[in-house]
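S.K.: Before anything else, here's the structure in question.
The values are calculated or read from the model by the stated rules, or taken from the named source; none is laboratory data. What you see is a predicted model, and the numbers here were worked out from it, not measured in a lab. Don't worry about glycine lacking a Cβ; one is built from the backbone with ideal geometry, like all the others, and counts go over all protein chains shown.
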Amino acid sequence: MQLRVLDRWVFGFWTALAVMGGGPVKAQEAPPGLAPGDPAPMTDVKMKNVDGREISIADVQGTKGTLVIFSCNACPWAKAWEKRIVALGNTWHKKGVGVIVVNSNDPDKVAEDDYATMQKRAKQRGISYPYVVDATSDVARAFGAAHTPEAFLFGADGKLAYHGTIDDNAKEPGKVKTRYLEDALRAVAAGREVAVKETKALGCSIKFRPKA
Amino acid sequence: MLAAAGIAAAGIALAAGAPASGAARRGGPVIRPATARQILAAVRAPGARAVVLNVWATWCVPCREEFPDVMRIVAAYRGRGLRPVLVSADFDDQVPAARRFLREQGVDFPSYLKSGDDMEFINALSPRWSGALPATFVYDGSGRLEYFHEGRVPPLDLERAVQRALGNIAGRKKGA
């Protein structure tokens, strides 16, 4: 109940700010992402993993939930969070939460986001979950993912339980106050409702490949 | 109250585009840390007929690609009352590179370094913004958001939005 009141207050606060900030926004807006409760789209699409195998989101689905993170090699924010993402991924995929990290960036736009660098990075960091190439960027489009890193956590029921960032301080891990994704993972694994379902952070825009 | 007045005054001072000192010019234009509240104060400071706010970073490829277009439009409409507000989302240790980039791009006015919590910053500028860079906002002279775009901004769309924003004030005065 208290959370609902808080949600309303937060919604009202931001709505008021938005109204103060302006009226109609006439230009292109970010694609609408998945909403809490939505299922994961394009789960059967096979994507090339750093070990050469073709893997889909459905292939990694966990008994307690599934974590999909859109990330890449080059983005400074992805780099800043990289060790924390690897630690979470390596830990939670052993605890029944399926984990897959998806690189949807076009390496023609950012060379460092190529497959060879993904393989090198996965080896360097000791990644033990799939790190795959979204070869058309269509998986990112279907999720409404806009930037890297961006996490989507689905519960055991397949519904989106959390969407957003890793924690509240990309640059300084020692100053993190709220570990949004880890808190959500704990809740999902325990079958509880996630308290904070959506968060935001600055990040690099996904360098989408041209639409087919 | 005093704090709020101070923030507003700082915003107005920066928005007015006071020329940088000689030392500052050598390293590039001044970049000062600012929260979303301070940035919105600069947007709404009196004296502009329209405002273009661009959030960028040195390492962000589309930010660097669109920057010359944004500056071309700023140069074309600044004389008609367009105020540029540039906000770097670089980390603190990248500020020297940010200043160098601004100098190379011919920026001759002070700008900002994003400060404070990401989520608060993003939602204060627009709840529709995902946080992806770059992000561009156009406001009319009364501070109303006329246009928002995340990702590389199409120059023609930006120019039309600036023209609309400049026209909004004229339209309102006419109708008042």
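S.K.: I need the full set of residues from region A:98-157 which are away from every other protein chain (no Cβ under 14 Å), in contact with an Asp or Glu (Cβ under 7 Å, 6 or more places away or on another chain) and polar (S, T, N, Q), in order please.
M.R.: A:103
S.K.: Can you confirm whether residue A:190 is surrounded by fewer than 17 Cβ atoms within 10 Å (Cβ to Cβ), out of contact with any helix residue (DSSP H, G or I) (no Cβ under 9 Å at 6 or more places or on another chain) and hydrophobic (A, V, I, L, M, F, W, C)?
M.R.: It is true that residue A:190 is surrounded by fewer than 17 Cβ atoms within 10 Å (Cβ to Cβ), out of contact with any helix residue (DSSP H, G or I) (no Cβ under 9 Å at 6 or more places or on another chain) and hydrophobic (A, V, I, L, M, F, W, C).
S.K.: Filter region B:135-168 for residues that are within 8 Å of chain A (Cβ to nearest Cβ), small (Gly, Ala, Ser) and surrounded by fewer than 24 Cβ atoms within 10 Å (Cβ to Cβ); which is farthest from residue B:40 (Cα to Cα)?
M.R.: B:151
S.K.: Given the conditions (1) at pLDDT 95 or above; (2) small (Gly, Ala, Ser); (3) part of a helix (DSSP H, G or I), report the number of the one that residue B:8 does not fulfil.
M.R.: Only one criterion is unmet by residue B:8, namely (1).
S.K.: Hey, another quick one. Which condition number in (1) surrounded by 13 or more Cβ atoms within 10 Å (Cβ to Cβ); (2) modelled with pLDDT under 95 is the one that residue A:59 fails?
M.R.: Among (1) surrounded by 13 or more Cβ atoms within 10 Å (Cβ to Cβ); (2) modelled with pLDDT under 95, the lone unmet condition for residue A:59 is (2).
S.K.: The conditions are (1) at pLDDT 95 or above; (2) away from every other protein chain (no Cβ under 13 Å), and residue A:212 fails exactly one of them. Which is it?
M.R.: Status for residue A:212: all satisfied but (1).
S.K.: State the number of residues belonging to region A:91-123 that are assigned to a helix (DSSP H, G or I) and either in contact with a Lys or Arg (Cβ under 9 Å, 6 or more places away or on another chain) or of a type in the set (Ser, Thr, Tyr) (or both).
M.R.: 5
S.K.: For region A:149-164, check the following and say yes or no: at least one residue is out of contact with any Pro (no Cβ under 6 Å at 6 or more places or on another chain), part of a loop (DSSP other than H, G, I, E, B) and either surrounded by fewer than 22 Cβ atoms within 10 Å (Cβ to Cβ) or of a type in the set (Lys, Arg) (or both).
M.R.: yes
S.K.: A follow-up question, please. Kindly indicate whether any position in region A:131-144 is crowded, with 19+ Cβ neighbours inside 10 Å, outside any strand (DSSP E or B) and free of Cβ contacts under 8 Å to residues at least 40 places away in the same chain.
M.R.: Checked region A:131-144: no residue is crowded, with 19+ Cβ neighbours inside 10 Å, outside any strand (DSSP E or B) and free of Cβ contacts under 8 Å to residues at least 40 places away in the same chain.
S.K.: Return the total of residues in region B:42-60 being buried (at least 22 other Cβ atoms within 10 Å of the Cβ) and among the small types (Gly, Ala, Ser).
M.R.: 4
S.K.: Turning to a different aspect of this structure: Report yes if some residue within region A:193-210 is assigned to a helix (DSSP H, G or I) and in contact (Cβ under 8 Å) with a residue 40 or more places away in the chain; otherwise report no.
M.R.: Scanning region A:193-210 turns up no residue that is assigned to a helix (DSSP H, G or I) and in contact (Cβ under 8 Å) with a residue 40 or more places away in the chain.
S.K.: From the residues in region B:86-134 that are within 11 Å of chain A (Cβ to nearest Cβ) and among the charged types (D, E, K, R), which one is surrounded by the fewest Cβ atoms within 10 Å (Cβ to Cβ)?
M.R.: B:93
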